[in-house]
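Below is one structure, written out as structure tokens, with a few remarks after it.
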């Protein structure tokens, strides 16, 4: 119920520094998650453009999966979102 009372923002600053609106987010049918798309979703949730629940529902993500993206960004920056060289960034 608290989520419904929180005002919705119109845009947030995306990972590349440009304004990011709800229409700029990846489509809900996204299957291939590249670094940029993951970072945009994390920025949208952190900035209040989407709630965590909305993001997980929209993109069919688990909360743990989303939180792992967030932790990777916090610890290693955008490079931490790579899946091909994951062993170099995570232990």
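In terms of surrounding Cβ atoms within a 10 Å radius of their Cβ, 38, 10 rank from fewest to most as 10, 38.
Rg then Dmax, both in Å and based on the Cα atoms of region 26-89: 11.2, 32.
The numbers here are math on the coordinates, done by the rules we state, and not lab data. The shown structure was predicted, so the numbers you read here are calculated from the model rather than taken from an experiment. All Cβ positions, glycine included, derive from the backbone under ideal geometry; neighbour counts span all protein chains shown.
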